[in-house]
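Notes for the one structure printed next.
The values are calculated or read from the model by the stated rules, or taken from the named source; none is laboratory data. Computed from a prediction, not measured in an experiment: that's the story for all the values here. Accessible surface is based on the protein model in full, side chains and every heavy atom, while ligands, DNA and RNA are left aside. Shrake-Rupley method; radii C 1.70, N 1.55, O 1.52, S 1.80 Å.
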Amino acid sequence: MKATLTVLGSGTSMGVPTVGCDCAVCHSSDPRDRRTRPSVLVEYGGASVLIDTTPDFREQAIREQIRKIDAVLYTHTHADHVLGLDDLRPLSYHHKPNKLPLYARPEAADFLRNMFRYIFDATYKFGGLAQVELRIIRGPIELFGARFDPVTVIHGESEIYGFRFGSAAYLTDHSTIPEASFACLQELDVLFLDALRHKPHPTHSTVENSLRIVERLKPKRAFFTHICHDLPHAITNAALPPNVQLSYDGMKLDFEI
Ligand SMILES: [Zn+2]
Ligand SMILES: [Zn+2]
Ligand SMILES: [Zn+2]
């Protein structure tokens, strides 16, 4: 089935421009150097699946004219991936009397339940709550005729998820990809990888490290995300191999799911 992936945000946790920064990238006039927090939307057969709800979700949804979300998959619970959960409210109301399903690993679901207690705690109810429900990821998920496979990656000291769906995979926030996960990432058309910057970081991949992953997995097309203000779009892209590009906010690509 044909699918479209839209990059809602391609930036690192602080976003680009970064608050209070006077560097050249933060002052760049290239729109691709404006990076909201990292998230993608996957659309196929009339279904819309969102990966992560960033603090910029509201702005991203307005920019991309998102009219509905059928499910949300969470990679992990860092602030830059979850803090837009409340902005699902208007889209969640379309699901009444049902609820918009949010999929997360067991410990991530516990964390979200705590963090957004006013939504999930029945004793704490008041009007205007997001109509959402948590579902635990225990293996591959069937969503509207497509299969989403969780792919374990290491993010600093935590084990978190990326996802493979059809011929594409989206891995954000990884410092290492465990050997066992490579089997799930073969024969890809599209591969998204974390590439924060050039300088090593304890919880994120670098351009150089992610290029090595591309070299090993040989996807047809690779895109880097979770990018900080160290990487000017045009200059960085020009130095990358032809099948690898920095992603940017609003970028859309077609693939098979
Ligand atoms: Zn992140
Ligand atoms: Zn800057
Ligand atoms: Zn993170």
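At-a-glance table
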quantity: Surface per residue (accessible, 1.4 Å probe) for the chain, Å²; calculated: 45 Å²
quantity: Whole-Å distance, taken between Cα centres, linking segment 192-236 and segment 80-109; calculated: 29 Å
quantity: Folded to 0 to 90 degrees: helix 106-115 orientation relative to the chain principal axis, Cα; calculated: 70 degrees
quantity: Surface share of carbon and sulfur [accessible, 1.4 angstrom probe, percent] for the chain; calculated: 52 percent
quantity: Among THR236, THR36, THR172, residue whose mean-square fluctuation peaks in a GNM of the chain (springs only between Cα atoms under 10 Å); calculated: THR236
quantity: Dimensions in Å of segment 79-202 - Rg and Dmax from alpha carbons; calculated: 16.5, 49
quantity: Residues whose placed amide H lies under 5 Å from that of ALA222, excluding near-sequence neighbours; calculated: LEU191, VAL244, GLN245
quantity: Viscosity 0.692 mPa s, temperature 37 °C, Stokes-Einstein D of segment 1-115 from Kirkwood C-alpha radius, µm²/s; calculated: 219 µm²/s
quantity: DSSP-defined beta bridges in the chain - what % are antiparallel, rounded to 5; calculated: 60 percent
quantity: Part-to-part distance (alpha-carbon centres) for segment 127-182 and segment 28-46, which is given in Å; calculated: 19 Å
quantity: Rounded tilt (10° steps) of 207-217 against the dominant C-alpha axis of the chain; calculated: 80 degrees
quantity: Residue with peak Gaussian network fluctuation, the chain [Cα springs, cutoff 10 Å], from GLU187, GLU157, GLU43; calculated: GLU157
quantity: Overall Cα dimensions of the chain - principal axes, largest extent first, Å; calculated: 53, 42, 35
quantity: Of LYS68/LYS218; LYS218/LYS252; LYS99/LYS220; LYS68/LYS199; LYS99/LYS218; LYS96/LYS220, pairs whose Cα-Cα distance is over 30 Å; calculated: LYS68/LYS218; LYS99/LYS220; LYS68/LYS199; LYS99/LYS218; LYS96/LYS220
